[in-house]
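Asks: This is the structure I have questions about; it appears just below.
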Amino acid sequence: MFEILRNAYRETVMTTANGQEKLNKMITRPNILEGVSHEVRTQMNSIVAFSYLINNERFSENEKREFSEQIITSCEQLIGLFENFFDTAALETGTARENLRETNITKLFETLTSDFRVFMRKKGHDNVVLIQEDNLPEKLMLKLDAARTSRIVSNLFRNALDNTFSGFIKVGCTYSNETITFYVKDSGQDFSRSSDLLLSDNPEIQHSESQDTYSAMNLILARNLILAMEGKIRVEPN
């Protein structure tokens, strides 16, 4: 789960030198650039391969539709990876700041959970139940960077879905003492790995078939994005 304090907006000014120093630290961290580079190559290879196969007359129309869906998925994953990486870099260096706007948190959370249900149906996760939890009023208005917050929650949800083959995923949102808390709980496996990726300054990423590099990188970038937004992270076993 992660928490973001939301009261009066405090503007932060950062010098160019300090920003460049932070950028250098970010991109030279072990596994950050290596992980992004590895995942970009993986997705680009997938796009090229399926683009070639889709023009091969040996395959049926159903198979070609599957190839097309794979291409779209790879494109979406590339876009998400780049958005997470560049957003984090911009916030950490001070070249950009949070896009704080009055946001209906209740509506934002409802939209997120609705999108998650659609995604689960599309991907055929029939053995996983999505449970929505919140204590929000009918309309809660707060200053929040809605786009970045949605991306973080989506990254945590995708990671939970990747590790839950059957059981449940709980997506929740609470507001108390000027603090908005979003959380994702699941009955899946790989708690220790997810905990390491979210809490460690130098997490280990192994580029192998047994580890989903895309999910791992998005967890690391989600962590950096939360910290850049001055949020807090907690990881707890069920």
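Asks: Could you grab me the full set of residues in the stretch 42-81 that are of a type in the set (Ser, Thr, Tyr) and assigned to a loop (DSSP other than H, G, I, E, B)?
Replies: 60, the sole residue that qualifies.
Asks: Hey, any hits in the stretch 140-150 for a residue that's closer than 24 Å to residue 69 by Cβ, in contact with a helix residue (DSSP H, G or I) (Cβ under 8 Å, 6 or more places away or on another chain) and surrounded by fewer than 19 Cβ atoms within 10 Å (Cβ to Cβ)?
Replies: yes
Asks: Something else: Give the stretch 194-219 a look and list any residue that's part of a helix (DSSP H, G or I), modelled with pLDDT under 80 and not hydroxyl-bearing (Ser, Thr, Tyr), or say none.
Replies: Residues satisfying the conditions are 196, 197, 198, 199, 216, 217, 218.
Asks: Starting from the stretch 160-175, take each residue that is small (Gly, Ala, Ser) and list its partners that are part of a loop (DSSP other than H, G, I, E, B), counting only C-beta distances under 7 angstrom and pairs at least six apart or across chains.
Replies: 160/188; 166/127; 167/187; 167/188
The values are calculated or read from the model by the stated rules, or taken from the named source; none is laboratory data. Predicted, not measured: the structure shown is a model, and the values here were computed from it. Positions of Cβ are backbone-derived with ideal geometry, glycine not excepted, and every protein chain shown enters the neighbour counts.
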